[in-house]
Amino acid sequence: MAVVARCNGTEIDRRDGELWIVERPAPPRTAVFVLALVAVISLINAAVQAVFAIRGGSDHAIAAAILTALGGASAWLVVRVVRFGRRRAAAEPRPLLIVDVAGGRLLDPARRVLAPLAAVRVERVFQAASSARALALRWPQGSCIIARGSPFGDSVDDCAAALRGQGLGGDAAA
């Protein structure tokens, strides 16, 4: 197995002349970013409140204690989310779709034929909750989003290039 391309937990792996599109769940980068940001801001504010408490003022000491607890809890959650994501990523992935290059077919995980590769298109599609694009495979009887770009992570460019390099059609931007 050789990894051809990656995008936010989606991998395109070359296995025995086929391209397996697999999902390897990773820590949600947005959640990690937000939790880390909350931890840093809370702990900096806790230090500022502690300085004010030293000058006198029990209100500042209470605020420092609360902010320290909030920052510590957020930092602990960052560590837990990252560890959980690593454990999930270590599990053997199941393919989402299989591109049988030699046979010229798109297969589902049960190896049923979905479409000939000549009918499969690689397209960038909008995501409702993100400014980044997603990558979809479309064929006459269906479609599947295979990779999601993220402003906090990878774009879908590498996955699109890997699939188009195997002769799959698509829009000019993909």
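The values are calculated or read from the model by the stated rules, or taken from the named source; none is laboratory data. Here the structure is a predicted model, which is why all the values come from computation and not from measurement. For neighbour counting, all protein chains shown are included, and Cβ atoms are generated from backbone atoms with ideal geometry for every residue, glycine included. Heads up: the accessible areas ignore ligands, DNA and RNA and are worked out on the full protein's heavy atoms, side chains in. Shrake-Rupley method; radii C 1.70, N 1.55, O 1.52, S 1.80 Å.
The table below gives the values:
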quantity	calculated
Residue, most open to solvent (accessible area, probe 1.4 Å), within the stretch 6-16, restricted to residues that are under 12 Å from Ile146 (Cα atoms) and part of a strand (DSSP E or B)	Arg6
Filter result for Arg94 (under 24 Å from Gly142 (Cα atoms) and modelled with pLDDT of 90 or more)	no
Failed criterion for Ile145 (all others in (1) under 19 Å from Ile12 (Cα atoms); (2) modelled with pLDDT of 90 or more; (3) among the β-branched types (Val, Ile, Thr) hold)	(2)
Pairs, first under 17 Å from Trp20 (Cβ atoms) and modelled with pLDDT of 85 or more in the stretch 148-172, second open to solvent by less than 60 Å² (accessible area, probe 1.4 Å) and in a loop (DSSP other than H, G, I, E, B), C-beta under 6 Å, six or more apart	Ala160/Ala174
Criterion: over 27 Å from the mean Cα position of the chain (by Cα) and more than 30 Å from Gln141 (Cβ to Cβ) - qualifying residue of Leu43, Leu70	Leu43
Residue match in the stretch 126-133 (condition: in a loop (DSSP other than H, G, I, E, B), open to solvent by 20 Å² or more (accessible area, probe 1.4 Å) and at positive phi)	no
Test for Ser143: is it among the polar types (S, T, N, Q) and either open to solvent by less than 40 Å² (accessible area, probe 1.4 Å) or in a strand (DSSP E or B) (or both)	yes
Unique residue being aliphatic (A, V, I, L, M) and surrounded by 14 or more Cβ atoms within 10 Å (Cβ to Cβ) when the list is Ala64, Ala2	Ala64
Unmet requirement for Gln49, which otherwise passes all of (1) touching a His at 6+ places or on another chain (Cβ under 6 Å); (2) open to solvent by 50 Å² or more (accessible area, probe 1.4 Å); (3) not charged (D, E, K, R)	(2)
Matching residues, the stretch 79-103, being touching a Leu at 6+ places or on another chain (Cβ under 8 Å) and open to solvent by less than 30 Å² (accessible area, probe 1.4 Å)	Leu97, Ile98, Val99, Asp100
Among the candidates Ala75, Ala47, Ala69, Ala61, residue that is in contact (Cβ under 8 Å) with a residue 24 or more places away in the chain, among the small types (Gly, Ala, Ser) and in a helix (DSSP H, G or I)	Ala75
The stretch 21-40, subset at pLDDT 90 or above and buried (at least 19 other Cβ atoms within 10 Å of the Cβ), residue farthest from the chain's Cα centre (by Cα)	Ala39
